[in-house]
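Presented below is the structure to which this report refers.
The values are calculated or read from the model by the stated rules, or taken from the named source; none is laboratory data. These numbers come from a predicted model, not from an experiment. Heads up, the Cβs are rebuilt from the backbone with ideal geometry, glycines too, and the neighbour counts pull from every protein chain shown. Each accessible area value is taken on the protein alone, full model and side chains, heavy atoms only, with ligands, DNA and RNA left out. Shrake-Rupley method; radii C 1.70, N 1.55, O 1.52, S 1.80 Å.
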Amino acid sequence: MSTHSLRKTSAISLDKVAGTAPDLIDMYKDAGDSLRKQDLIGTRAAVYLVIDRSLSMEGYYLNGTVQRLSDQILSLTAHVDDDGIVQVAFFDDDVRTIGRGRGLFRRSQKLADVALGAHQGRIAELHNSLGRMGGTRYRPAMEAVMEHYRASTAYQDATPAFVVFQTDGAPHDEDETADFLRSTQHENVRWQFVPFGQENQFGCLSRLPGNVGISAVGHDPLSMPSAELYNRLVTGLPRS
């Protein structure tokens, strides 16, 4: 009998979400409903969120779309990872380095935590600390995610990685991106792209390996109910 069939429970309970992040209750319930439809309650994964900071993304930061996506992914994470944390990376022409600490204790890192109970306004805080916005190169952020995952206890425990990769444009480094994704197809990682905008501009993604999925949300992601997003996302969730 698989470990999945032995534990048909979410990693974090509704009561705990209600106590630490009551604004996410509805999203948490919607995510749970989608997981149940696919018989995925009990699945465990290390969740990453990669966010586009190309200049064309500016409006999505200003109107709260990116924060909402982060909240949606964090709510899904509560079902599959008991630490209640999403590791977030930002990219444009390169993966952006995020400062942490002060003075002699200040250090830079490529990923930042977004945690239950400390999530409100977190995306704006991080985004505003990163300076100018740039172009669209996927591979540097993908390399940063894989570097983090391979050094993690999740990797050592054979817990799969589920990487939600948001973007609003095709990559300038399409060949390099494709090569890197192919290099990960035999690893315990699933890349689920969430394109904003015209779906047909992302045709390059449809030619990528079997550990890649696409959950397009159109030009106005705020108009898509969370339940619909989760129905699309969980089809790519690795079964642990």
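Do you know which of the residues in segment 19-39 that are free of Cβ contacts under 8 Å to residues at least 60 places away in the same chain and part of a helix (DSSP H, G or I) is most open to solvent (accessible area, probe 1.4 Å)? Explain how you work it out, then say what you get.
Going residue by residue through segment 19-39, those that are free of Cβ contacts under 8 Å to residues at least 60 places away in the same chain are 19, 22, 25, 28-29, 32, 36, 39.
If we keep only those that are part of a helix (DSSP H, G or I) too, we end up with 19, 22, 25, 28-29, 32, 36.
Working: Gly19: 66, Pro22: 80, Ile25: 40, Tyr28: 17, Lys29: 100, Gly32: 1, Arg36: 139 Å².
Per the criteria, the residue is Arg36.
Counting only residues that are closer than 23 Å to Leu208 by Cβ, give me the strands (runs of 3 or more DSSP E) lying completely in segment 72-173 with at least 3 of them.
Numbers: elements: 85-91, 98-100, 107-109, 112-115, 161-167.
By residue number, 85-91, 161-167.
Tell me, which residue of segment 131-171 that is open to solvent by 10 Å² or more (accessible area, probe 1.4 Å) and aliphatic (A, V, I, L, M) is modelled with the lowest pLDDT?
Ala170
Check off (1) over 16 Å from the mean Cα position of the chain (by Cα); (2) open to solvent by 10 Å² or more (accessible area, probe 1.4 Å); (3) over 18 Å from Phe196 (Cα atoms) for Val95 and give me the number that stays unchecked.
Of everything listed in (1) over 16 Å from the mean Cα position of the chain (by Cα); (2) open to solvent by 10 Å² or more (accessible area, probe 1.4 Å); (3) over 18 Å from Phe196 (Cα atoms), Val95 misses just condition (1).
Condition first: closer than 23 Å to Val80 by Cα and free of Cβ contacts under 8 Å to residues at least 60 places away in the same chain. Now tell me which residues in segment 159-178 satisfy that.
none
Out of Arg190, Arg182, I need the residue that is among the charged types (D, E, K, R), open to solvent by 10 Å² or more (accessible area, probe 1.4 Å), out of contact with any Asp or Glu (no Cβ under 8 Å at 6 or more places or on another chain) and modelled with pLDDT of 95 or more. Which one?
On the way: Arg182 fails: modelled with pLDDT of 95 or more.
Among Arg190, Arg182, only Arg190 is among the charged types (D, E, K, R), open to solvent by 10 Å² or more (accessible area, probe 1.4 Å), out of contact with any Asp or Glu (no Cβ under 8 Å at 6 or more places or on another chain) and modelled with pLDDT of 95 or more.
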